[in-house]
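Note sheet for the following structure.
The values are calculated or read from the model by the stated rules, or taken from the named source; none is laboratory data. Just so it is clear, the structure is predicted and the values come from calculations on it, not from any experiment. A quick note on method: Cβ atoms are made from the backbone with ideal geometry, for glycine too, and the neighbour counts reach across all protein chains shown. The protein model used for the area step is the full one, side chains on, heavy atoms only, and it has no ligands, DNA or RNA in it. Shrake-Rupley method; radii C 1.70, N 1.55, O 1.52, S 1.80 Å.
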Amino acid sequence: MIEAFIVSVAVVACALYWIGRLAPSVTRTLWQGAGSVLEVVHAPAPLRHAVAGRITTRSGSGCGGCKGCGKDGGGCH
């Protein structure tokens, strides 16, 4: 029983991670909800700040983790 719970949590965490990488607008609403909950329960400020950092949109400039950035004078592929 506990093993199934642990595996389920791991699968959900991995799914949320990849959804966040592939479609950040989807997970942004989840982070906004988490931020609201943290405000209501008066969570510590560093935790609220970390969640707020996930909610803000980042600019489209730069490579954002592209491994081929800057090679041969080109940008991301």
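Ranked by solvent-accessible area (1.4 Å probe, protein heavy atoms only, all chains present), the residues T27, T56 order from largest to smallest as T56, T27.
Placing dummy labels 7 Å off each Cα toward the beta-carbon, the span from E39 to V12 is 2.4 nm.
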